[in-house]
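Encoded as structure tokens, the structure appears first; notes follow it.
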Number of protein chains: 2
Amino acid sequence: MLRNAIVWLDARAEEESTRIAKNFSPELLYKTTGLPEMSPIWPAPKILWLKKNEPDVFNHTSKFLIVKDYLIWKLTGKFSTEPTESSSTFYLKLKEKDWWDEMLDFIGIKRDKLPIIFPSYEVVGNVSSQVKSQFGLCTNTKVVAGSMDQMAAALGAGNVEPGIITESTGTALGVVATVDTPVYDPKRRVPCAAHCVPDRFVLYPYAETSGIVLKWFRDTFPSLSDRKEDYGQLLQLASRVSPGAEGLLALPHFTGTACPDFNPQARGAFVGISFKHQRTHFVRALVEAVAFMLRENIDLLKGLSIPVRKVRSLGGAAKSDVWLKIKADVLNVPVEVPECSEAASLGAAVLAGVGAKVFSGINQAVKEVVKVKKSFYPEPDNVAIYQKIYQDYLSLYQKL
Amino acid sequence: MLRNAIVWLDARAEEESTRIAKNFSPELLYKTTGLPEMSPIWPAPKILWLKKNEPDVFNHTSKFLIVKDYLIWKLTGKFSTEPTESSSTFYLKLKEKDWWDEMLDFIGIKRDKLPIIFPSYEVVGNVSSQVKSQFGLCTNTKVVAGSMDQMAAALGAGNVEPGIITESTGTALGVVATVDTPVYDPKRRVPCAAHCVPDRFVLYPYAETSGIVLKWFRDTFPSLSDRKEDYGQLLQLASRVSPGAEGLLALPHFTGTACPDFNPQARGAFVGISFKHQRTHFVRALVEAVAFMLRENIDLLKGLSIPVRKVRSLGGAAKSDVWLKIKADVLNVPVEVPECSEAASLGAAVLAGVGAKVFSGINQAVKEVVKVKKSFYPEPDNVAIYQKIYQDYLSLYQKL
């Protein structure tokens, strides 16, 4: 390894990102890679930065690897990658799942500087004897190419065919829809990537905030009666307030918005405040606001003709029946929680199991290991209430 | 007394209020009485209600009295009133300080059903012998006609000439400007009434909320570290945050607005929320919002060519140096606090003193008894900051 890895959020490649954006049209970038927005976070501009700023490192590099693929190399001695992580390099042709030569030319590298692209479930190699002695792993242990977390979580929640949407409400919000071929948004609001399931792709709109606004609220306005109040108790409070929080409406964009409308300047809000509103109303309003933000992204998918039969919820918020019920009412589709809350790990295990031939294939594995724990169904009365308030939410965002 | 008094906020005379509003044009009502809006709270529709619904009481009434004047009758045995309270009857011709015969005809009473109108400082009579025995007051004790609270407070704060504005930030917000002749707002946004000072009138815009939003905040989001936190401590927190609360902006209209824009549907808001905002920022934003609301009403007065040289602050908020300083910066005029915080009582005492010839006149009395305790001056840097944020505040109200 010639230098430390550069973390994805690192913004040093600002200038290089602009150079790439000037050389390729936004439409070409999007249609080729599935990524709507060139920015310094992607590997392509980072490699270009290395070429200019650390030519020694650049010239002596034999392979450019994503962190996961570096770890697989350490485990097996094999250079590999797979379509899900490669979808976020800006130098993968998404539809073909092959390197994009024009981009490689522009950033100044040849194909031989990149690893082979395996299917996510395919065995890259066995654990090396060096690893055996270091970690006590048997050299018969197979290592598969693996997957990015969002796609692995989708797989681990059974989201492997169009119709089921997974959403993860944790710190931020991630939504994943499985599609059969790459789907492009004419307004370029949503990224498309390869799924870890063969011949499938995903649309994955996301938002900068979600559960974290509840953490902010609890830390900023702590409970007087219970200093150790956890999210469960906080959400229990929300359940005591009727849908719509008696006119209190929140925007959860405390640090800008991403999908469907990219706006780093957007901020959070509470409006409609009157003297009857208590702490519980504010909790309810925030929880509803996060559900509305989820709906914005689900509606974005529907607008692209993506079928939405049901939603499976992951992340910290999936522990809260209150929140799940609100989501079902706001989205007007059933919301399910899988038994295994660590869906990304389960998805990775499924890929390994298929690679090791424990399962005959991904569909069989999903049938055997993915179980739904609880289902929440929309109630027509609440759906009607939220339909109205959701419009208020959208128009509030437009106004502010 | 034939029946209990009807409290001013009582809305039973809705229908009668509408009848009066249909019979007289809004312009005539406003130009004659100084009151911009007919509603059930005023005595005129309430008397009309009595005529229809309690004809026995109505027919046997010898005098219709405001509560203060009833108490003076109990003290002295004399029927009296004065221009300040009469200004809120809707049957006083403001400019002439005489009863409005057309309105008396419409509500079905003659002048002899109303008391004599004394100047506020004039002695109505001495304490009766019955009161002497009941309360131990000497029968030499003189009783003057008195004043409504807002005008008495203006007098007690030295607001007896154009140029000084008094504002009272308590539960709600009351602003009083002294003028030499009745001033009418072409948009009918602000009431005009007689002052308790001879040959003076007042404009008195008001708002439904002010200090009460801070009480709501303290009760709704109490301090974890100090369960007995008082307003002084809360406002001390506000002083730690820089002007503008780092982008957090509030609207204080938790129960609608009155002046300058009458809108019972308006509600409170916090916008611009980001993760850096703590409890202290919310306190600051509320305190600033109340100062902005005050500025709206001061600007309304300026728009009517009322001179605004300085503001004298009364009410609970006048105890807070932090708040007074913010007001000076937001208003861009000096803000002073009188030594006597009970300005309405002091004003009443001045009227009594003039009536009892302790003082040669009101101006001499004001010079002797009204002292300024502290002055707060606008700082140009803060004025510039607030000038910008005040525009944001106005436009936020328009948007919501």
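Beta bridges per DSSP, both residues in the protein assembly as shown: antiparallel share near 70 percent. Look at the stretch B:260-272: the mean tally of other chain Cβ atoms within 10 Å of its residues' Cβ atoms is 4.
Sequence gap at least 6, Cα distance under 8 Å: using those rules, report the relative contact order of region B:14-144 to the nearest whole percent. Numbers along the way, then the final one.
Details: 177 pairs, mean separation 30.7, N = 131.
Taking the mean separation of contacting Cα pairs over the length of region B:14-144, I get 23 percent.
Within the same chain, aspartates and glutamates fewer than 8 places from B:Lys110 are excluded, and of the rest, those with a Cα less than 14 Å from its Cα are B:Asp98, B:Asp101, B:Glu102.
Roughly how many Å is it from the Cα centre of region B:121-176 to that of region B:322-400, as a whole number? So the separation of the two Cα centres works out to 19 Å. Dipole magnitude for chain B: computed about the Cα centre from +1 point charges on Lys and Arg Cβ and -1 point charges on Asp and Glu Cβ, it is near 420 debye. Label-to-label distance, A:Lys371 versus A:Ser305, with points set 7 angstrom from Cα along the beta-carbon direction: 3.9 nm.
Between copies, the label points at A:Ser345 (set 7 angstrom from Cα along Cα-to-Cβ) are spaced 6.9 nm, reported in nanometres from shortest to longest. Placing a label point 7 Å from the Cα of A:Arg218 along the Cα-to-Cβ direction, the residues of region B:215-238 with a backbone N closer than 20 Å are B:221-225. Note on region A:231-291: Cα-only Rg and Dmax are 12.4, 35 Å. Non-local lysine pairs in region B:1-79, meaning eight or more places apart or on different chains, with alpha-carbon distances under 29 Å, amount to 25. Please name which of A:Thr141, A:Gln391, A:Val213 has its Cα lying farthest along the dipole of chain A towards the positive end, using unit charges on Cβ (Lys, Arg +1; Asp, Glu -1) and the Cα centre as origin. Of A:Thr141, A:Gln391, A:Val213, it is A:Thr141.
Give me the dipole magnitude in Debye, nearest 20, for region A:327-400 about the Cα centre, with unit charges on the beta carbon: positive for Lys and Arg, negative for Asp and Glu. Please report the intermediate quantities before stating the final value.
Details: 8 positive and 8 negative charges, 42 e Å.
Approximately 200 debye in magnitude.
Peptide A:216-225 shows a mean partner chain C-beta count of 4 within 10 Å per residue C-beta. Could you give the nm distance between label points at B:Lys357 and A:Lys388, where each point is 7 Å from its Cα heading toward the beta carbon? Result: 6.9 nm between the two label points.
Take each complete run of DSSP H in chain B, measure how far its Cα atoms stretch along the helix's own axis, and keep only those covering 24 Å or more with mean Kyte-Doolittle hydropathy at least -1.0; list them.
Membrane-span-like by this criterion, though nothing is claimed about a membrane: B:279-303, B:380-399.
The other copies place their A:Gln233 label points at 2.1 nm from this one, listed shortest first, where each point is 7 Å from Cα along Cα→Cβ.
Which of rounded, prolate or oblate describes region B:19-76 when judged by the alpha-carbon gyration tensor and an a/c cut-off of 1.5?
On the way: a/c = 3.13, a/b = 1.47, b/c = 2.14.
Cα axes put region B:19-76 in the oblate bin.
Positive contributions from Lys and Arg (+1) and negative ones from Asp and Glu (-1), summed over other residues with Cβ under 9 Å from the Cβ of B:Glu16, come out at +3.
What value in Å³ per residue do you get for the convex hull of the alpha-carbon atoms in region B:199-246? Working shown, then result.
Values: hull volume 7.4 nm³, N = 48.
Dividing the Cα hull volume of region B:199-246 by its residues yields 154 Å³.
So what is the relative contact order for chain B, in percent, with contacts set as C-alpha pairs under 8 Å and at least six apart?
Values: 778 pairs, mean separation 60.0, N = 400.
This gives 15 percent for chain B.
The residue list B:Ser313, B:Leu294, B:His281 was ranked by how far each Cα lies along the charge dipole of region B:149-400 toward its positive end, using unit charges on Cβ atoms, and B:His281 comes out on top. Given R0 = 56 Å, the distance between the Cβ atoms of B:Glu37 and A:Arg188 translates into a calculated FRET efficiency of 0.60.
Taking every Cα-Cα distance in region B:257-400 and sorting them into 5 Å bins from zero, the calculated P(r) comes out as 2, 8, 15, 17, 18, 15, 10, 7, 4, 3, 1, 0, 0 percent. Can you tell me, using C-alpha contacts under 8 Å and at least 6 residues apart, the relative contact order of region B:102-259 as a whole percent? Computed over region B:102-259, the figure is 16 percent. The convex hull of the Cα atoms of region B:127-166, projected and averaged over all directions, covers 3.9 nm². A viscosity of 1.002 mPa s and a temperature of 20 °C, combined with the Kirkwood radius over C-alpha pairs in the Stokes-Einstein formula, give region A:344-400 a diffusion coefficient of 142 µm²/s.
Using every Cα-Cα pair within region A:14-144, state what percent have a distance larger than 21 Å. Spell out each step's value before the answer.
Details: 3820 of 8515 pairs.
When every Cα pair of region A:14-144 is considered, 45 percent fall beyond 21 Å.
Each peptide among B:276-287, A:58-69 gets the average number of other Cβ atoms lying within 10 Å of its residues, and from highest to lowest they stand as B:276-287, A:58-69. Among B:39-47, A:9-17, the peptide with the highest mean count of other Cβ atoms within 10 Å heads the list, and the full ranking is B:39-47, A:9-17. Straight-line reach from B:Lys310: taking Cα to Cα under 24 Å and skipping same-chain neighbours fewer than 8 places apart, the lysines in range are B:Lys302, B:Lys319, B:Lys325, B:Lys327, B:Lys367, B:Lys371, B:Lys373, B:Lys374, B:Lys388.
By definition, a body whose alpha carbon gyration tensor gives a ≥ b ≥ c is oblate when a/c is 1.5 or more and a/b is not larger than b/c, and region B:126-247 fits this oblate description. Ranking A:Gly163, A:Val179, A:Gly247 by Cα position along the charge dipole of region A:159-248, where only Lys, Arg, Asp and Glu carry charges on their C-beta atoms, puts A:Gly247 farthest toward the positive end. Seen from B:Ile306, the other residues with C-beta closer than 11 Å to its C-beta sum to a net charge of -1, counting Lys and Arg as +1 and Asp and Glu as -1. For region A:154-400, the share of DSSP beta bridges that are antiparallel, to the nearest 5, is 70%.
For the pair A:Ser225 and B:Ile116, what calculated FRET efficiency results from E = 1/(1 + (r/R0)^6), where r is the Cβ-Cβ distance and R0 = 41 Å, to the nearest 0.05?
Values: r = 59 Å, r/R0 = 1.45.
With R0 = 41 Å, the Cβ-Cβ based efficiency is 0.10.
I need the fraction of alpha carbon pairs in region A:86-159 separated by more than 22 Å, rounded to a whole percent. Everything past 22 Å amounts to 44 percent.
Positive contributions from Lys and Arg (+1) and negative ones from Asp and Glu (-1), summed over other residues with Cβ under 13 Å from the Cβ of B:Ala289, come out at +1. Each Lys and Arg Cβ is given +1 and each Asp and Glu Cβ -1; about its Cα centre, the protein assembly as shown then shows a dipole of about 840 debye.
Highest mean first, what order results for B:142-153, A:148-159 on Cβ atoms within 10 Å? Walk me through the intermediate numbers first.
On the way: B:142-153: 24.6, A:148-159: 27.7.
For the peptides B:142-153, A:148-159, the packing ranking is A:148-159, B:142-153.
Within 10 Å of each Cβ in B:243-253, how many Cβ atoms from other chains are there, averaged over the peptide?
Values: counts 0, 0, 0, 0, 1, 3, 2, 2, 2, 1, 2.
Rounded to a whole number, the mean comes out at 1.
Across identical copies of the chain, A:Lys95 has label-point separations of 8.2 nm, listed in ascending order, with the point defined 7 angstrom from Cα along Cα→Cβ. The Cα-based radius of gyration and maximum Cα-Cα distance (Dmax) for region B:149-400 are 18.2, 63 Å. Here the simple spin-label model places points 7 Å from the Cα toward Cβ, and for A:Ser395 and A:Glu15 these points are separated by 4.9 nm. Considering all C-alpha pairs of the protein assembly as shown, those separated by over 33 Å amount to 64%.
Throughout, read-outs are computed from the coordinates displayed, never taken from laboratory work. In this text, all values refer to a predicted model and were calculated from it rather than measured experimentally. Positions of Cβ are backbone-derived with ideal geometry, glycine not excepted, and every protein chain shown enters the neighbour counts.
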